[in-house]
1. Inside the range 95-117, can you point out the residues that are buried (at least 17 other Cβ atoms within 10 Å of the Cβ), in contact (Cβ under 8 Å) with a residue 60 or more places away in the chain and under 20 Å from L137 (Cα atoms)?
2. For the range 88-184, which fully contained helices (runs of 4 or more DSSP H) count at least 1 residues that are hydroxyl-bearing (S, T, Y)?
3. Within the range 121-135, track down each residue that is surrounded by 14 or more Cβ atoms within 10 Å (Cβ to Cβ) and among the acidic types (D, E).
4. State which residue pairs qualify: first residue open to solvent by less than 60 Å² (accessible area, probe 1.4 Å) and inside the range 148-168, second residue not in a helix (DSSP H, G or I) in any location, beta carbons under 6 Å apart, and separation of 6 or more residues or different chains.
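The values are calculated or read from the model by the stated rules, or taken from the named source; none is laboratory data. As the structure is a prediction and not an experimental result, all values here were calculated from the model. Here the Cβ positions follow ideal geometry from the backbone for every residue, glycine too, while neighbour counts run over all protein chains shown. Accessible surface areas use protein heavy atoms only, side chains included; no ligands, DNA or RNA. Shrake-Rupley method; radii C 1.70, N 1.55, O 1.52, S 1.80 Å.
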Amino acid sequence: MSIWGKVIGGMAGFAFGGPLGALMGAYAGHMMVDKNKQAQGVFGGGGEQAAVPGVGDRQMAFTVAVIVLGAKMAKADGHVAPEEVRAFKEVFRIPPEEMGPVGKLFNEARQDPTGFEPYASQIAGMFVRQPDVLEELLGGLFYIAKAHGGVNAAELQYLAEVAAIFGFDQHTFERIRAGHMGPN
């Protein structure tokens, strides 16, 4: 089951209802994909069973939040450079057949005035006992920030705020920053 297909519902929900709308829309998309797969299995379309309700919800919410955080990172300095979009595609390894829906959600997120904080908080809550996942995500955001030749003050501020929401103290953030940008 491809999580990217469920992003379409999230994209529609985001357009109409911001962060919570995105999650509700993504959930609706999730349910539609699973119903289609169940129908295919019942009617001889491949025998695939529907997912147990709730199993993909965490992955779906994570996916939507990652797209939004990546878009907000790219826009942190006021504009989105083509190199940042390319870096987003590289770091999050989006399948070519899913570029359309992901690109639409990415564009909606970067244009939406809603902040990144609800998404960062959601991910922090999901992975409170897995700081390595949060650190890897923060590393992906650093990768996007560096894509156009360096990290400016606005981008560094964004990264520091995301790190704080993720629960990283200043020392941990500086260690992560140094790992991606060097000691100076």
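1. Within the range 95-117, V102, L105, A109 meet the criteria.
2. On the way: elements: 99-111, 117-126, 131-146, 153-165, 170-181.
Passing ranges, in order: 117-126, 131-146, 153-165, 170-181.
3. Residue satisfying the conditions is E135 alone.
4. N152/D77; A154/A76; A154/D77; E155/A76; E155/D77; Y158/A76
Rundown of residues vs (1) over 16 Å from A163 (Cβ atoms); (2) under 13 Å from the mean Cα position of the chain (by Cα); (3) not β-branched (V, I, T), yes/no style:
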| position | (1), (2), (3) |
| --- | --- |
| I94 | yes, yes, no |
| G103 | yes, yes, yes |
| F106 | yes, yes, yes |
| E117 | no, yes, yes |
| G125 | no, no, yes |
| Q130 | no, no, yes |
| F142 | no, no, yes |
| G149 | yes, no, yes |
